[in-house]
């Protein structure tokens, strides 16, 4: 395991806590107002935790991180192309940095992302830009990801690495075709404001 892993309060822990409260309310017949108050407090604590754990960086530091990511991902043999996506790209404050990678065949979809996020963390730490831990980076493989997730990455993400333009173009075309084929079904099911 990496030596810089942070224990965090995640959604699973909060959902478990809410489930325990619901079970206890059934066992002890808690009033609905008390139950509602307890659940609101749990949600408020989660929101407070999120706000307190948001990161902010200057534009210069963000660009330095992008350059470091590009260098690391270019040197990684299994990376074909990669995008930066999420709050790091779109907002001033961010909780983590999301990197989506298309890998060459044969890469282990469980080991490879962990290896890459450790390399990204090490490179940023060595540059002395900011104090990050491994869990501040989220690396995901998009080779077989559903089109409805990938379409946002392709439209709103920032391309970091492209080692095979033809493969990336074919991938974009495949994802776009899947999206267009299912667009009206999604509108029917979820409405135009999905």
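A crude spin-label estimate for the pair residue 55 and residue 74, with each label 7 Å from Cα along the Cβ direction, gives 2.2 nm. For residue 151 and residue 131, a Förster radius of 30 Å and the Cβ-Cβ distance give a FRET efficiency of 0.30, rounded to the nearest 0.05. With the Cα gyration tensor of region 153-194 giving a ≥ b ≥ c as the square roots of its eigenvalues, does the rule (a/c under 1.5 for rounded; else a/b larger than b/c for prolate; else oblate) give rounded, prolate or oblate? Here region 153-194 falls in the oblate category. Per-residue extension of 0.36 nm, minus the Cα-Cα distance of residue 165 and residue 91, leaves a gain of 23.8 nm for this segment. Under the classification rounded if a/c is under 1.5, otherwise prolate if a/b is larger than b/c and oblate if not, where does region 100-177 fall, given a ≥ b ≥ c as square roots of the Cα gyration tensor eigenvalues? The shape class here is prolate.
Every number in this text was worked out from the coordinates using simple rules, so none of it is lab data. Values in this document were obtained by computation on a predicted structure and should not be read as measured data. Please note: Cβ atoms are built from the backbone with ideal geometry, for glycine as well, and neighbour counts cover all protein chains shown.
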